[in-house]
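Participant: One structure, as structure tokens, below. Some questions next.
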Amino acid sequence: MSIRAKVMSAKVGALFEEYCSESSVHGVRFFVGNQRSACVKLTWLGVFILSLVGCGVMIQQAYNKWDRTPVIVTLSEVPTPVWDMTFPAVTICPEIKVLNTQYNYTREFETLQSEWYRNKGKQNRTYTVTEESIGKMKAIIHHCSGIYKNEKNFIFNFNHVPEPQLVDFLKNVSLGRRSVFTMCSSTSDARCTSYMQVTVTNEGICYSFNMISQQQMFHPEVLHNEYKYLDRWEDEALGGEGPAEPLLKVAGSGLDAAIGFNLIHYPLKIDTSCVRGRGYKVLIHEPTVYPDLSKRNIRLSVSQTLTVVLKPNIMMTAPELSRYSAQKRQCYFAHEHPLQFFRHYNQDNCELECLTNYTLRRCGCVHFSMPHANGTRVCKLEEAHCPADARGVLFIRKQHRNGTEDYLQQCDCLPACSSVRYDLQITQDSHTEEREVRTSIETEVELQARLQLPVYSVLQVYYQDTHFIPAQRSELHGLVDFLANCGGLLGLFIGVSLLSIVEAIYYIVVRPISFRKRKTDNGEGNEIC
């Protein structure tokens, strides 16, 4: 070893001995000292290393806890009064899709069916049913049950016949406003029909109460302009051109503050050939959520009163969680996950958009209720099975999936950080007791007269309590908590504090530079720094 290396080694040894003698870290002063034996020094070195390893293991556990579970969901300390909330949207879909006064589907279908089988095998086939009527028939079958869409149905021999403008035609033949709602009552606002809109859904033409408008729901620059998904339902005196109503606020709780809907249909004016029921499907949802009744709904039968009591599950998220990734907090803030068609992000809108894109990719067309851009083709009747199949493949998780691609997971539709879900308590009461008694003794004339009378159903919706306690996502382990845990573990095991770390940096970086001595007359040296 050269003289220069020996001098450098001596300086490093002297610096290390000085650090160990003066350091505030526990145990290191036993590493040096001529009065201590090598056995004592090695023993303390081993103890120090074991303490350092144990401290490192626990710091790693603290880091994993901070990194993986930084969020906790707790109940808020302050309850939310019900009158600070917006009343939910209520979407009502009649299961009867056609008024026979607008188009007699049953008569036309039976006529075409009999003529088809009578002409089967003949070269010159003649039909009394016009192509225009066949096109209308095909448009209505979009609403019908699956048996009508079976590939063996004779109607698919008329695929060459064009369908009319689908949505406009379905609106024209559907149960209109006067045929469905005879009265809508509200304690807080007697004009609650002003909050109604005609809505195009996967269940056909429906009616939504207290939803935001089409301009507020969609990006108009992206959406096609062939037809409207949300059409305002104004009083005829206003001509549908009045200013949009703000969303209805909740007036209170209990039946006194309920929203009530009286629904009506005339048995002789409806066409029931291709539907499974005569009641109504009801969905209660947030006003910014576009309704999808295939995912969930409740059913209101004819001649029934359905009372729905709401208990909202409110989820809020603390703003400080915005610095964490969405995957860690398991939700998206409004600005973090913009959608192509919808202005407002929520899980339902995201999944509907995901279904639309998947259906377009799988089928080359979309269901008429799905938002789409100009140039995207709406599926014809002969393709109507494909959107239904796409929904099943996307949303239903079978035990043995074919293929490894999970398109829904790629869409990444996490819940919104601020959302409201509703727990429903449902009671149903029948109006038919008197009719059931009369039916057993009435004559055919009386039966025919009774069928001319309207059939009423009633829907009532109200909040259960005046106050609700929201749930809140908040920070469980923040950076300060992690640093406090590290400091506590370092102090417990080896007595290290923040100043101990500064002290070590000083002896590693600053002290070697200043470790110079200047000769004096008596042979002693003074430090420069």
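Participant: Look at region 331-356 and say how many of its residues are part of a helix (DSSP H, G or I) and buried (at least 19 other Cβ atoms within 10 Å of the Cβ). Can you show your working first?
Facilitator: So the first thing to find is which residues in region 331-356 are part of a helix (DSSP H, G or I), and the list is 347-356.
Cutting the leftovers down to buried (at least 19 other Cβ atoms within 10 Å of the Cβ) gives us 348-350, 352-356.
Total meeting the criteria: 8.
Participant: If you don't mind, another one. Write out, first by first residue and then by second, each pair whose Cβ atoms fall under 8 Å of each other, whose residues are 6+ apart or on separate chains, and whose first residue, in region 416-429, is farther than 17 Å from LEU255 by Cα while the second is among the small types (Gly, Ala, Ser) and surrounded by 12 or more Cβ atoms within 10 Å (Cβ to Cβ).
Facilitator: What qualifies is ALA416/ALA334; CYS417/ALA334; SER418/ALA334.
Participant: Let me ask another. Of the residues LEU447, LEU483, LEU499, LEU476, which is modelled with pLDDT under 80, open to solvent by 40 Å² or more (accessible area, probe 1.4 Å) and within 32 Å of the chain's Cα centre (by Cα)? Show your work before the answer.
Facilitator: Details: LEU447 fails: within 32 Å of the chain's Cα centre (by Cα); LEU483 fails: within 32 Å of the chain's Cα centre (by Cα); LEU499 fails: within 32 Å of the chain's Cα centre (by Cα).
It is LEU476.
Participant: So in region 295-307, with the set limited to residues that are out of contact with any Gly (no Cβ under 9 Å at 6 or more places or on another chain) and outside any loop (DSSP other than H, G, I, E, B), which one is surrounded by the most Cβ atoms within 10 Å (Cβ to Cβ)?
Facilitator: Top of the filtered list is LEU306.
Participant: THR187 is checked against (1) modelled with pLDDT under 75; (2) open to solvent by less than 60 Å² (accessible area, probe 1.4 Å) and fails just one. What number does that condition carry?
Facilitator: Just one mismatch for THR187, condition (2).
Participant: If you don't mind, there's one more thing I want to ask. Of everything in region 339-366, what is hydroxyl-bearing (Ser, Thr, Tyr) and out of contact with any strand residue (DSSP E or B) (no Cβ under 7 Å at 6 or more places or on another chain)? Give them in sequence order. Lay out the reasoning, then the answer.
Facilitator: Taking region 339-366 and keeping what is hydroxyl-bearing (Ser, Thr, Tyr), we get 345, 356, 358-359.
Across region 339-366, the qualifying residue is only TYR358.
Participant: Okay, moving on. Kindly indicate the residue of region 28-47 that is out of contact with any helix residue (DSSP H, G or I) (no Cβ under 7 Å at 6 or more places or on another chain) and surrounded by 11 or more Cβ atoms within 10 Å (Cβ to Cβ) and also modelled with the lowest pLDDT among those meeting that condition.
Facilitator: Of region 28-47, the ones out of contact with any helix residue (DSSP H, G or I) (no Cβ under 7 Å at 6 or more places or on another chain) are 33-35, 37-39, 42-43, 46-47.
Adding the requirement that they be surrounded by 11 or more Cβ atoms within 10 Å (Cβ to Cβ) leaves 33, 42-43, 47.
Details: GLY33: 73, LEU42: 85, THR43: 84, VAL47: 82.
Taking the candidates together, the pick is GLY33.
Participant: Still on this model: Out of curiosity, is THR466 surrounded by fewer than 17 Cβ atoms within 10 Å (Cβ to Cβ), more than 25 Å from CYS93 (Cα to Cα) and modelled with pLDDT of 90 or more? Before the answer, list the steps.
Facilitator: On the way: surrounded by fewer than 17 Cβ atoms within 10 Å (Cβ to Cβ): yes; more than 25 Å from CYS93 (Cα to Cα): yes; modelled with pLDDT of 90 or more: yes.
Yes.
Each row is one residue, and each column tells you yes or no for (1) under 23 Å from VAL458 (Cβ atoms); (2) crowded, with 20+ Cβ neighbours inside 10 Å; (3) at pLDDT below 90.
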{"residue": "GLU221", "(1), (2), (3)": "no, no, no"}
{"residue": "LEU248", "(1), (2), (3)": "yes, yes, yes"}
{"residue": "ILE264", "(1), (2), (3)": "yes, no, yes"}
{"residue": "VAL309", "(1), (2), (3)": "yes, yes, no"}
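Participant: Now for a different question. Going through region 67-88 one residue at a time, which ones are open to solvent by less than 60 Å² (accessible area, probe 1.4 Å) and in a helix (DSSP H, G or I)?
Facilitator: Once the filter is applied, which keeps residues that are open to solvent by less than 60 Å² (accessible area, probe 1.4 Å) and in a helix (DSSP H, G or I), region 67-88 yields ASP67, VAL82.
Participant: Can I ask one more? Filter region 223-240 down to residues that are part of a loop (DSSP other than H, G, I, E, B) and touching a Gly at 6+ places or on another chain (Cβ under 9 Å) and give me whichever is modelled with the lowest pLDDT. Walk me through how you get there before you give the answer.
Facilitator: Residues of region 223-240 part of a loop (DSSP other than H, G, I, E, B): 223-229, 233-235, 239-240.
Subsequent filtering for residues that are touching a Gly at 6+ places or on another chain (Cβ under 9 Å) retains 224, 233-235.
Working: HIS224: 92, TRP233: 75, GLU234: 64, ASP235: 47.
Of everything passing the filter in region 223-240, ASP235 is modelled with the lowest pLDDT.
Participant: Report, by residue number, each residue of region 132-152 that is open to solvent by less than 60 Å² (accessible area, probe 1.4 Å), part of a loop (DSSP other than H, G, I, E, B) and more than 15 Å from ASP168 (Cα to Cα).
Facilitator: Of everything in region 132-152, those that are open to solvent by less than 60 Å² (accessible area, probe 1.4 Å), part of a loop (DSSP other than H, G, I, E, B) and more than 15 Å from ASP168 (Cα to Cα) turn out to be CYS144, SER145.
Condition check ((1) modelled with pLDDT under 85; (2) open to solvent by 50 Å² or more (accessible area, probe 1.4 Å); (3) of a type in the set (S, T, N, Q)) across all residues:
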residue	(1), (2), (3)
MET183	yes, yes, no
GLN197	no, no, yes
SER208	no, no, yes
ILE212	no, no, no
GLN215	no, yes, yes
GLY242	yes, no, no
GLY252	no, no, no
VAL275	yes, no, no
TYR280	no, no, no
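Participant: Residue by residue through region 49-65, note down the ones that are without any contact (Cβ under 8 Å) to a residue 60 or more places away in the chain and among the polar types (S, T, N, Q).
Facilitator: Restricting attention to region 49-65, the residues satisfying the condition of being without any contact (Cβ under 8 Å) to a residue 60 or more places away in the chain are 49-50, 53, 56-57, 60-61, 64.
Answer for region 49-65, where residues must be without any contact (Cβ under 8 Å) to a residue 60 or more places away in the chain and among the polar types (S, T, N, Q): GLN60, GLN61, ASN64.
Participant: Okay, moving on. I'd like the residue in region 502-529 that is open to solvent by 40 Å² or more (accessible area, probe 1.4 Å) and in contact with a Cys (Cβ under 9 Å, 6 or more places away or on another chain) and, out of all such residues, is modelled with the lowest pLDDT.
Facilitator: Per the stated criteria, the residue is ARG516.
The values are calculated or read from the model by the stated rules, or taken from the named source; none is laboratory data. These numbers were taken from a predicted model, which means no experiment stands behind them. Cβ coordinates were reconstructed from backbone atoms using ideal geometry, including for glycine residues, and neighbour counts include every protein chain displayed. SASA here: full protein model, heavy atoms, side chains in, ligands and nucleic acids out. Shrake-Rupley method; radii C 1.70, N 1.55, O 1.52, S 1.80 Å.
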